Amino acid sequence: MPTIAISDHNMTRKVGFLLLPRFSMLSLMSALEPLRVANRFAGNLYEWSFIGATTDAELGDAVPASNGIPVSVIPMSEINKLDRLFVCASYAPQDYLSPAITHWLKHRAREGTHIGALETGCYALAAADLISNHNTAMHWESQAAFNETYPSLSLCHSIFNDDGKRFTCAGGSGSMDLVLHQISQDQDEQLADRVANSLIHQRHHQSEVSQRSVLLHSPQQQALSPVVDAMAANIEHPLEAAELASIQKVSERTLQRQFKQAFGLAPRTWYLQMRLQRARQLLHESNLSVMQVGIACGFGSNENFCRQYKTMFGHPPSRDRKLDYASTFSSPVA
């Protein structure tokens, strides 16, 4: 008697979310809600669990998000088979990695689990050597520091990337686009579109748009995306005004006018602010010295870097090296 193949569209997929302390609640909920809505429309397609790896007795069985809200978790040791695993992290992910986590992730990979990360969960995958041959999507604010730590790994500027074995995502609302894509692969496009419509979300597909182009809102700004992208790709060795104009295929004067119309700033000022923002990210997220950060962001002298930094942010770069970056965003719950 011939066997009958059963479509895996009908199976319940077990999904795990490994939460590192100070993970992004927005990214987690953006990934979770599409699964919930898919279940509402099409039955018990997904089951999920929140997983913790901390051994901190003060935290107990809960992991705090960056906004201070604790989420109850199941220890890694109690998790059996998973079909898909999300590593969720945000601020200072390397502070919470351990040999136990990397060993557990490698074990899951050997079992064939579809493994990926939201935001800076990529650090855990990199530490476990799970993304060496995969393009990695990560939030644009975190890419510079990640490049300093893992210069040989390939970063892309997409909102998310999923090649069937590994998936990564810039986070935020991009997590919703990633999971909608996965629903379309697990089930079909019709269900993914129905879920997106229910969540009042306009889908962005995998290779459709880069992170930076999403940040350019008006038609005038979007028309300048080649120049903005070139600036972002040349932070350590800034391009000259003539080079930027040639990218846009206009004169320097025309580019000056276009930038002021689109952004209210001259290209030189926009470029300087982009480099200083990158410097701030490196100060918060890397172990580079202040001088090394200045060099990495295209400043020929430490004196000029510190002066420009203080003009933009109101304090010297050394203060941001000591600042807890997440403290400006989170209000821990007592």
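Per the conditions (1) part of a loop (DSSP other than H, G, I, E, B); (2) at pLDDT 85 or above; (3) farther than 30 Å from Arg40 by Cβ, the sole criterion not satisfied by Gln220 is (1). Among the residues of segment 175-193, none qualifies, meaning not one is of a type in the set (Ser, Thr, Tyr) and at pLDDT below 90.
So that you can scan it fast, the table gives a plain yes or no per residue for (1) crowded, with 17+ Cβ neighbours inside 10 Å; (2) in contact with a Phe, Trp or Tyr (Cβ under 7 Å, 6 or more places away or on another chain); (3) farther than 17 Å from Pro316 by Cβ; (4) not assigned by TED's automatic domain parsing to the domain that holds Val227:
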residue	(1), (2), (3), (4)
Ser246	no, no, yes, no
Val250	no, no, yes, no
Gln258	yes, no, yes, no
Pro267	yes, yes, yes, no
Leu283	yes, no, no, no
Asn287	no, no, yes, no
Val290	yes, no, no, no
Gly294	yes, yes, no, no
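Restricting attention to segment 117-133, the residues that are outside any helix (DSSP H, G or I) and touching a residue at least 60 places away in the same chain (Cβ under 8 Å) total 3.
Residues in segment 73-94 that are part of a strand (DSSP E or B) and either in contact with a Leu (Cβ under 6 Å, 6 or more places away or on another chain) or modelled with pLDDT of 95 or more (or both) were compared, and the one that is surrounded by the fewest Cβ atoms within 10 Å (Cβ to Cβ) is Arg84. Checking each residue in segment 296-305 for being surrounded by fewer than 16 Cβ atoms within 10 Å (Cβ to Cβ) and assigned to a helix (DSSP H, G or I) picks out Glu303, Asn304.
Inspect segment 95-102 for any residue being assigned to a helix (DSSP H, G or I), within 13 Å of Leu19 (Cβ to Cβ) and modelled with pLDDT of 90 or more and give the result as yes or no. Checking segment 95-102: at least one residue is assigned to a helix (DSSP H, G or I), within 13 Å of Leu19 (Cβ to Cβ) and modelled with pLDDT of 90 or more.
For Asp129, the conditions (1) over 18 Å from Lys106 (Cα atoms); (2) surrounded by fewer than 17 Cβ atoms within 10 Å (Cβ to Cβ); (3) of a type outside the set (Ser, Thr, Tyr) are fulfilled apart from (1). Among the listed residues Glu78, Glu119, Glu111, which satisfies the condition of being within 20 Å of the chain's Cα centre (by Cα) and not small (Gly, Ala, Ser)? Testing whether each residue is within 20 Å of the chain's Cα centre (by Cα) and not small (Gly, Ala, Ser) leaves just Glu119.
The values are calculated or read from the model by the stated rules, or taken from the named source; none is laboratory data. Computed from a predicted model, the values in this text were never measured in an experiment. We place every Cβ from the backbone using ideal geometry, glycine too, and count neighbours over all the protein chains shown.
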